[in-house]
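So the structure is just underneath, and the comments pick up after that.
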Amino acid sequence: MNRSPRRRVLAATLSAASAVLVASGAVLLSAGNANAATTLGASAAASGRYFGTAVAAYKLSDTVYSTILDREFDMVTPENEMKWDATEPSQNSFSYSSADQIVSHAQSHNQRIRGHALAWHQQQPSWAQSLSGTALRSAMTNHITNVATHYKGKIYSWDVVNEAFADGSTGARRDSNLQRTGNDWIEVAFRTARAADPAAKLCYNDYNTDGINAKSTAVYNMVADFKSRGVPIDCVGFQGHFNSGSPVTSDIQQNLARFAALGVDVQITELDIAGSGTAQAGNYSTVVKACLAVARCNGITVWGIRDSDSWRASDTPLLFDNSGNKKAAYTAALDALNSGGTTDPTTTPPTTNPTTSSPPPSSNPTTTPPATAGCGATVSLNQWTGGFVATVKVTAGSAKINGWTVGVNLPSGAAITNSWNASATGSSGAVSFANVSYNGSVNAGASTEFGFQGTGVGPSVTPTCTAR
């Protein structure tokens, strides 16, 4: 909860609701529900929530992009610009220009910021990757202190720690250089963030935790432990990356509710849903309504504006098409928001704060592999000056596969610095990735994803895929 004096007490009067909506530039409908709004942010604000999006600084000069951003959204999350490699490229030398650009834009448009992310095992600068033990722990706390202090008073909530739990059924912590500094590293990160920015909400954020499963239960147990020992944690973020292989779960509302019962806010933080038409619209409606049904679910963020802005652009997962036109999914989300929701008496309608963004991700959609025996692979890039993150989708053909190897040709000068959800061989030139224990089996026509980070320019040639 943002405990700064900016917070307003939720008033159950039409005039107060109207004031919030007018401040966000919304127009109230005269027919039907008197409080029905015509933009996502204004409609969410009517029940004390926000509706946000992920933003890239370099896209603010795109008038279609910025017009939709400023009209529809009242919360902004950086895609890359507030991550460790962007804000501290050299040890103890900090760079905030891109993120500051977003903050300035947000402040002038009555938008707030979700800071993303202070500590993560990915997108670390190379100097941090070379550290371990006490040196890495000290570097982490120094980084959190400096970045959170720089934005003190400007951040609605921080993703303090991102993706610290392993996939699969073990419920274990993810093995990473941060984890190897000691099992208390997450607690230390939260305590450090609280000291640096006492007014911001402090969140833990992860993916594949949207329903009740081993991974989400492990996060639940950590949050319960933190709350019992007074470790400062205010919210939990559920990323919400859905596709046919990882569909919207039937127990998403139940899962949100059990976390909220621990005394933390819950937020949908990176929502994108693969598909199109009525099926995609129905899934967006389901997720929005699940949040509205839980009093402490205080906001939803979609991970991008237009499909072409998405890190998984070929899945057309967002609310606006490549040209910026509203899709059926947009209408479904807005209708769900206008249906109203449960409010938490301890919360208030979102106040307007600045927002942040991230380095230039450029999503490069690729062709879908044919449905034949074997497998195909496509790659999408988030590219910025000097580095990139690549997400590779592996799709089985007409028959189930039990393992896969993907070959990627990197441009001259590019080098892989780390990877996830795959075992990498090589770091430059022709490199290959093989499945790990939990994602080798892929049903006919279904997909799985892995990713890697690198320096230089990301691959532009379609990867090869060999089924095993």
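The values are calculated or read from the model by the stated rules, or taken from the named source; none is laboratory data. All values reported here derive from a predicted model rather than from experimental measurement. We place every Cβ from the backbone using ideal geometry, glycine too, and count neighbours over all the protein chains shown. Surface areas here come from the heavy atoms of the whole protein model, side chains and all, with no ligands, DNA or RNA. Shrake-Rupley method; radii C 1.70, N 1.55, O 1.52, S 1.80 Å.
A few notes on this one:
- Residue match in the range 387-396 (condition: surrounded by 17 or more Cβ atoms within 10 Å (Cβ to Cβ), of a type in the set (S, T, N, Q) and at pLDDT below 80): yes
- Any chance residue 314 is open to solvent by 30 Å² or more (accessible area, probe 1.4 Å), over 21 Å from residue 63 (Cα atoms) and out of contact with any helix residue (DSSP H, G or I) (no Cβ under 8 Å at 6 or more places or on another chain): yes
- Selection from the range 82-101 of residues that are under 17 Å from residue 149 (Cα atoms) and open to solvent by less than 40 Å² (accessible area, probe 1.4 Å): 82, 83, 84, 86, 87, 88, 96, 99
- Among the residues listed as 239, 267, 280, 254, the single one being touching a Cys at 6+ places or on another chain (Cβ under 7 Å) and within 26 Å of residue 340 (Cβ to Cβ): 267
- The lone exception for residue 308 - which of (1) surrounded by fewer than 19 Cβ atoms within 10 Å (Cβ to Cβ); (2) under 19 Å from the mean Cα position of the chain (by Cα) it fails: (1)
- Residue 290 meets each of the listed conditions (1) part of a helix (DSSP H, G or I); (2) in contact (Cβ under 8 Å) with a residue 40 or more places away in the chain; (3) of a type outside the set (D, E, K, R); (4) open to solvent by less than 10 Å² (accessible area, probe 1.4 Å) apart from (2).
- If only residues of the range 449-464 that are open to solvent by 30 Å² or more (accessible area, probe 1.4 Å) and part of a strand (DSSP E or B) are counted, the one that is modelled with the lowest pLDDT is 449.
- Considering the conditions (1) in a loop (DSSP other than H, G, I, E, B); (2) surrounded by fewer than 24 Cβ atoms within 10 Å (Cβ to Cβ); (3) out of contact with any Pro (no Cβ under 9 Å at 6 or more places or on another chain), residue 66 is excluded by exactly one of them, (1).
- Whichever residue in the range 413-434 is open to solvent by 20 Å² or more (accessible area, probe 1.4 Å) and touching a residue at least 40 places away in the same chain (Cβ under 8 Å) and, among such residues, is farthest from residue 402 (Cα to Cα): 413
- Of all residues making up the range 130-168, the number that are among the β-branched types (Val, Ile, Thr) and either in contact with a Leu (Cβ under 9 Å, 6 or more places away or on another chain) or touching a residue at least 60 places away in the same chain (Cβ under 8 Å) (or both): 5
- Scope the range 106-147; condition open to solvent by less than 60 Å² (accessible area, probe 1.4 Å), part of a helix (DSSP H, G or I) and either among the charged types (D, E, K, R) or in contact with a Pro (Cβ under 8 Å, 6 or more places away or on another chain) (or both); matching residues: 106, 137
- Options 188, 219, 248: the member that is modelled with pLDDT of 95 or more, open to solvent by 10 Å² or more (accessible area, probe 1.4 Å), under 19 Å from the mean Cα position of the chain (by Cα) and among the aliphatic types (A, V, I, L, M): 248
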